[in-house]
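Working notes for the structure below.
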């Protein structure tokens, strides 16, 4: 049974809007809501939590319509992007806050909290104040605090954004591990597509307050329904071409064969940079000159000038190519997607 | 003569030594990245180069001449901050002109220089706007134009991409790289993101806890890290603690690994990058393993593989469509194996900060 | 996130209280234009002009030295910074009548003659001594205001300017100063209205010069109510006009950047900074701190057993102290109760009225306290209400903003997300206020309580215009001074009150430090 349902939802927070949104968040899975800043993803999260009241529409959690329920009654764990740790309370008091509100037995409180602190590895810092902690530690306190209530739903507002890259990468697997261990339904908001790809089971892509595509991570990546999704997830090349057959289009003087069916007179062919191969024999080969080469560690990334348009290629195979080289690029037909337009991108 | 040189640079704040005897050189026209986790001292080093922080000890030389006493306004540098705060009370155009304005450059000359730079960053039409109307990426580009307007040959960047959306950050990263090459600038770029550092630089300097751990061209440092920490920090690595069993052989958890050369000690730490391990190739050196988890990352897929007690992450762009529970064979090619002696304490190397 | 019906009732009550007790009195006097006749004699006009000239001069002097001092306190680290910071605030808490005596002793006293020869008098009573006095207790307002503004200006802006080639002075005047424009102006407004309003201490040092608040009291005591009302009205209207102009200026105008003379400004930044710092400290020490503390420094010998005995037997002084503390305590408690909801209304912009009440609170500061006292006396006089009660109402009225300001500022400073976090963790709106918001604004409440108490204690003008018969300690001091009868007990009382002020000040600083 789907755990969170959003029906015809519209909400506003400052200048950010969410419009006529319909979404289902599956029970027990790790869902990432991905989108650029201002796309409404944090607003969405706050509406689920009850921090913001929607202008229109309903929020249903576990079959119960909670739209008019205040946040304290919804029983959902929330993690704030800037942690929002109570500065006048110790780590222990922060984490135990939700439990103490219910006036439970002191010893039971202590035990539960210690377990939680142990889970995030901060038991030694239980009596410290937030201003004595590093960014990574604050993040873990905020997480423990959100989990302490033992709700089955966890909402994370950009939980890794404020951390430096190394810590961010390490904590990704920790987050997923905790979610799996506790059997949680997680909604994780982020603008970082690489982070999303690593942690998500389901992905929801948002833009300008609307859901552009939602589904299993693999499906959204390999079968984007909108050029924006192809643009925002990973790196994609968009080639404007003239359709000349059901499976053929002309680009830069060459005929490109596609597996997908083409319609109309004009199409935008899209292919991900990691799918293009260097110097491989076969159909769809384009000639170009390397204008930029970047070493990315496990990959090399090249910008190739093909008849005036820059095509980016990523390859893990070791290659000696450098700036100025003439190269031949092969576009496998099975990896070519087709759209009507290029994505609208802000400069 | 190097454009910039630091000699035994030290900075102490009360009880903390943020920078602990840092030595490096930067050549004319070089793009150098200083990279490390937060708190490693990289920003402090940059700020000392700019004159925004006074060194506790040590020297800084520009073109062979010591600058340690010079105020920031006299060092003729361009500086970009992480929080791209343009002067909110001035328009975009006035922001870009500021450096020339404070040097009392003639009005006519100022106008043409600022237009030239705004054209370079493709924001000429925003000249009359106030910063508050621009997005983060646009503001940072204005900041770049502003820093370059004074004609300084040295550009210092303090995590300029960290506050930006990923796509804007990547775009700006390449723009800075191209502009600086075109203008022949010397650039020092501080970042906590190792991919940024690897992609743009001629030279990379890796720091940790106030010290320089390794420096060199990105490819060299990536392929030949001098310590497990560097192998872990740049890209990613699997680590195996193994015992030497032969001339060029070591064993861990019942599996034999061929080493690229004679090992430095009886016990070694082996490291191999996830993208270098080879799955399912028919080679006698391959050993049996089981797929424990599959994580699709888009441009590649990461498999969690277990062989006896060893847990390894393997990445491959080939979507072999392996499933959890599948049996596979795995090979770690010696030429891609990094070997470290037991002088390193693995848990210390991998601990944060 | 609504509170519910009962809270709407609470806010309604608070708003009514505010309008009736706090806002109505100043308004009442304005209605005299239409009522009991409006006559403005040339003496009255002269007094008003004097007050304005003095206030403008005082503010100009304050700004001149507050700019560099606030910079030093906000940006520079030096050994005794906390001490200087605390001392600069002293004139804010010490009752102005005591300051009056102290200033007079310092600038007009005999010690200069004893040091430099019999015919040396530094200053005598009159125009310039009023200015020297007013500078003392208005200066801290400007320093605080500008310092707070500077602390908000991101250092990144200043560092960016330096890396772009600006010397420290150039950076300050082209970047920092324009960005604290609002703080400078609001500090000026506070200082200006404070100077306009001051009565008791001014009486001591004015000599034959008349300022408007002083003349209001004189008229009232002489029975010329309409003359007193006329002056009050002119004062209020003129001050309101200035406020509007200043607010308008702060929004619409841009601080011009002028031309940069790099060489000169560089020289001034480097060479001159030592001279500048020394000059500022000399001013602060010589014109602010010494005059403030002089009464204690010069009379430390008074602290002896016989003086204490005399003090205890001095009925006049003791009664004055009791009345002062009583009135101040009531005003503080009442204001505390109502200031917290009012602070919520302002900071959270409840019912979209936040801005309205913020401005209304500022308007109250504009009204000279003698005019306020007069207004209340006239209104309640119609109903034959007990004078002491009227006095208490007057004190509640003018000291209310001193409680509301720190509370609303602190509430605005409480990160909204902290309250949201508490709510998601299961706290009801009431619980989240109790466990999160309230503890975080406690330092501000402490500061507000102390400031309100001391402000009430310090007041003379309102007290004098309400009643001739009720003599708070500050009124007693003024009368003793004018009669040339400031004896040992009086000085001792001043010293003790001074010490109390100092203790309160330290309490405020410490509670802020714990944040």
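The values are calculated or read from the model by the stated rules, or taken from the named source; none is laboratory data. Computed from a prediction, not measured in an experiment: that's the story for all the values here. Using ideal geometry, Cβ is built from the backbone for each residue, glycine included, and neighbour counts are taken over all protein chains shown.
Here are some notes:
- Those residues of region A:52-81 which are closer than 20 Å to residue A:27 by Cβ, more than 9 Å from chain C (Cβ to nearest Cβ) and not in a strand (DSSP E or B), in sequence order: A:62, A:63, A:66, A:67, A:69
- Residue count, region B:177-208 (criterion: within 13 Å of chain A (Cβ to nearest Cβ) and within 15 Å of the chain's Cα centre (by Cα)): 19
- Output for region B:214-234, where each listed residue is within 13 Å of chain A (Cβ to nearest Cβ) and closer than 17 Å to residue B:346 by Cα: B:225, B:229, B:230, B:231, B:232, B:233, B:234
- In region A:123-159, the residues that are part of a loop (DSSP other than H, G, I, E, B) and in contact with a strand residue (DSSP E or B) (Cβ under 7 Å, 6 or more places away or on another chain): A:149, A:151, A:152, A:158, A:159
- Residue C:417 closer than 25 Å to residue A:46 by Cβ, surrounded by 15 or more Cβ atoms within 10 Å (Cβ to Cβ) and either in the same structural domain as residue C:464 (by TED's automatic domain parsing) or at pLDDT below 90 (or both): yes
- Screening residue A:13 with (1) touching a helix residue (DSSP H, G or I) at 6+ places or on another chain (Cβ under 9 Å); (2) closer than 29 Å to residue B:135 by Cα; (3) touching a residue at least 40 places away in the same chain (Cβ under 8 Å) gives one miss only, at (3).
- Condition check for residue A:136: surrounded by fewer than 18 Cβ atoms within 10 Å (Cβ to Cβ), within 20 Å of residue A:177 (Cβ to Cβ) and either at the interface with chain C (Cβ under 10 Å from one of its Cβ atoms) or under 27 Å from the mean Cα position of the chain (by Cα) (or both): no
- Conditions (1) outside the structural domain of residue C:186 (by TED's automatic domain parsing); (2) more than 22 Å from the chain's Cα centre (by Cα): number failed by residue C:364: (2)
- Qualifying residue in region A:235-253 (condition: in contact with a helix residue (DSSP H, G or I) (Cβ under 6 Å, 6 or more places away or on another chain), modelled with pLDDT of 90 or more and under 18 Å from residue A:333 (Cβ atoms)): yes
- Any chance residue C:385 is part of a loop (DSSP other than H, G, I, E, B) and away from chain A (no Cβ under 14 Å): yes
- Residues in region B:152-172 that are within 11 Å of another protein chain (Cβ to nearest Cβ) and in contact with a strand residue (DSSP E or B) (Cβ under 9 Å, 6 or more places away or on another chain): B:152, B:154, B:155, B:156, B:158, B:159, B:161, B:162.
- Filter result for residue B:254 (without any contact (Cβ under 8 Å) to a residue 60 or more places away in the chain and in the same structural domain as residue B:285 (by TED's automatic domain parsing)): yes
- Checking residue A:243 against (1) in contact (Cβ under 8 Å) with a residue 40 or more places away in the chain; (2) assigned to a strand (DSSP E or B); (3) away from chain B (no Cβ under 14 Å), the condition it does not meet: (1)
- Residues in region B:332-353 that are surrounded by fewer than 19 Cβ atoms within 10 Å (Cβ to Cβ) and in a strand (DSSP E or B): B:341 alone.
- Region B:114-125, subset surrounded by fewer than 20 Cβ atoms within 10 Å (Cβ to Cβ) and touching a helix residue (DSSP H, G or I) at 6+ places or on another chain (Cβ under 8 Å), residue nearest to residue B:137 (Cα to Cα): B:122
- The residues in region A:176-210 that are surrounded by fewer than 23 Cβ atoms within 10 Å (Cβ to Cβ) and farther than 22 Å from residue B:195 by Cα can be counted, and the count is 15.
- Here the condition is being in contact (Cβ under 8 Å) with a residue 24 or more places away in the chain, touching a helix residue (DSSP H, G or I) at 6+ places or on another chain (Cβ under 6 Å) and in a helix (DSSP H, G or I); of C:217, C:255, C:209, it holds for C:217 alone.
- Residue within region C:154-175 that is within 27 Å of the chain's Cα centre (by Cα) and surrounded by fewer than 23 Cβ atoms within 10 Å (Cβ to Cβ) present: no
- Some residue of region B:78-96 being at positive phi, assigned to a loop (DSSP other than H, G, I, E, B) and under 29 Å from the mean Cα position of the chain (by Cα): no
- If you check C:486, C:506 for being surrounded by fewer than 23 Cβ atoms within 10 Å (Cβ to Cβ), outside the structural domain of residue C:214 (by TED's automatic domain parsing) and assigned to a helix (DSSP H, G or I), only one passes: C:506.
- Test: residue C:379 is in a helix (DSSP H, G or I), at pLDDT below 85 and more than 24 Å from the chain's Cα centre (by Cα): yes
- Flag for residue B:201 being touching a helix residue (DSSP H, G or I) at 6+ places or on another chain (Cβ under 7 Å), in contact (Cβ under 8 Å) with a residue 60 or more places away in the chain and over 17 Å from residue A:166 (Cβ atoms): yes
- Residue A:336 vs. criteria surrounded by 17 or more Cβ atoms within 10 Å (Cβ to Cβ), modelled with pLDDT of 90 or more and at negative phi: yes
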